[in-house]
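These notes concern the structure reproduced below.
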Amino acid sequence: MGNLPPKELMPRHIGIIMDGNGRWAESRGLSRSEGHVAGAKVFRTISDYCHEIGIEVVTFYAFSTENWKRPIDEVTAIMKLFKEYLVEADEIKYERQKQGYILRFLGDIKGVPKELHHLIDKTQLDSTVENTTIVNIALNYGGRAEIVQSVKKLAEQVKSGKLNPKKITEDDISAGLYTAGMPEPDLIIRMSGEYRLSNFLTWQSAYSELWFTDVLWPDFTTDDLDRAIIEYAKRHRRFGGR
Ligand code: IPE
Ligand code: IPE
Ligand code: MG
């Protein structure tokens with residue numbers, strides 16, 4: 001843990017676009033799937049570290065609605081890694097809950113292999129202690145798809161006469177997102193030298209601070225996270241004001 005800023009300057013919610021597993025593996029003559037194995041280890045380290053330093057919410061972009069376009073063997077390898085992680089997370093969930101560390105899944109879970117559904121349901125416990133860290137895993141997640149499903153819920157309410165379309169607010173749309181009730185991401189980190197959000201937290205990132213690095217995800221360390229947080233604390237957020 002480096003010289004992290006005082007609590008009031010820490011981000012409440014950090015979003016992390018885990019990218020570069022494939023290039024990391026290819027540069028070592030390994031298969032892309034081996035890159036995902038290495039990336040999954042780093043995910044464990046960084047998620048634990050976020051709990052250790054008291055981050056309220058951390059959202060990891062693990063698999064997008066567009067990632068199904070990849071070759072079937074790569075997708076299968078990634079789904080296998082999710083399963084391994086879920087089995088492990090299920091075993092330690094009560095212990096973690098007591099420590100104030102809970103998991104949430106953001107995305108269209110119906111669209112992931114059925115064998116994961118039950119595990120996903122079982123691992124999502126409620127928080128029972130204060131100072132809880134919520135570790136969100138965005139799985140089969142797309143920012144646009146998330147907005148569409150929120151709008152559909154509102155459309156149903158309009159149809160049934162419970163909602164006047166003229167009264168629809170930004171809060172109504174936020175309330176229908178997977179992140180309902182959570183603070184918006186203060187800081188979004190993208191690695192691997194790419195400067196885009198790739199459909200991540202599209203609605204919620206309106207005023208997020210963005211931080212980029214060339215480091216590939218399997219090489220990402222807690223020191224890199226510290227660097228991002230320290231730089232974030234120096235930024236002047238104006239939200240359109242002055
Ligand atoms: C991120 O690494 C993991 C997922 C998107 C599932 P990539 O697999 O995108 O790695 P690169 O970008 O091809 O190097
Ligand atoms: C973003 O990475 C999605 C995840 C990290 C899960 P991609 O590798 O899919 O993004 P693009 O294709 O480079 O924009
Ligand atoms: Mg990529």
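Each reported figure results from applying straightforward, stated rules to the coordinates on display, with no laboratory input. Here the structure is a predicted model, which is why all the values come from computation and not from measurement. For neighbour counting, all protein chains shown are included, and Cβ atoms are generated from backbone atoms with ideal geometry for every residue, glycine included.
Annotations
- The length gained by stretching the chain between residue 88 and residue 238 to full extension, at 0.36 nm per residue less their Cα-Cα distance, is 49.8 nm.
- Computed from the Cβ-Cβ distance with R0 of 30 Å, the FRET efficiency linking residue 129 to residue 180 stands at 0.90.
- With both labels modelled 7 Å from their Cα along Cα-to-Cβ, the residue 212 to residue 31 distance reads 3.3 nm.
- Subtracting the Cα-Cα distance of residue 3 and residue 79 from 0.36 nm times their residue separation leaves 23.7 nm of extension gain.
- Value of relative contact order over the range 1-143, rounded to a whole percent, pairs C-alpha under 8 Å and six or more apart: 29
- Amide H within-cut-off set for residue 136, under 5 Å, with H built and near neighbours excluded: 58, 59, 60, 104
- The count of lysine pairs in the range 69-182 whose Cα atoms are under 18 Å apart, excluding pairs fewer than 8 places apart on the same chain, comes to 22.
- GNM remark for the chain: springs join alpha carbons under 10 Å apart, and the peak mean-square fluctuation among 118, 36, 13 falls on 118.
- Counting beta carbons within 10 Å around each of 114, 41 and listing the fewest first gives the order 114, 41.
- Added length on full extension, which subtracts the Cα-Cα distance from 0.36 nm per residue, residue 202 to residue 147: 19.0 nm
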